[in-house]
Amino acid sequence: MAKFDFEIDPEFIKHLGRLADVDRIAPQMIDEAMPILERNVKAEVSKHVVSGDLLRSIKITKAKKDERRRILCLCQTHRER
C-alpha cells in the first residue's frame, strides 16, 4: 500500500492562523485536494489493470484529526483473493 505524506510550510500556517480559524479551514483544504489525489492515483493504477477490482476499490475519506495532526486517507477498500 502506498503512502502519501506532506508537510505544510509552518510560515504559511502562521499567516493562515492570523487570517482565519485554522482548525476549521485546514480540513476543508485537505478535502478539496483529495479528489485531485484520487484522480492521479487512479490514473497510475489504471496503467496496470488486470481485473479492475483494485481501481474500483480506491476511495477517499474526509480529513480526520488525531491528537497531533490532520490525517487524510485514500485507500483500497477491496482485497484481491
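Using a cut-off of 15 Å between alpha-carbon atoms, which aspartates and glutamates can reach LYS47, once sequence neighbours fewer than 8 places away in the same chain are excluded?
GLU38
Sorting ILE60, ILE13, ILE36 on the 10 Å Cβ count, fewest up front, what's the list?
ILE36, ILE13, ILE60
Could you please rank ILE30, ILE25, placing first whichever residue has the fewest other Cβ atoms within 10 Å of its Cβ?
Numbers: ILE30 18, ILE25 13.
Ascending Cβ contact count within 10 Å gives the list ILE25, ILE30.
We did not get these values from a lab; they are worked out from the coordinates using the rules stated. Remember, predicted model here, so these are calculated numbers, not experimental data. Every residue, glycine as well, gets a Cβ built from its backbone with ideal geometry; the counts of neighbours run over all protein chains shown.
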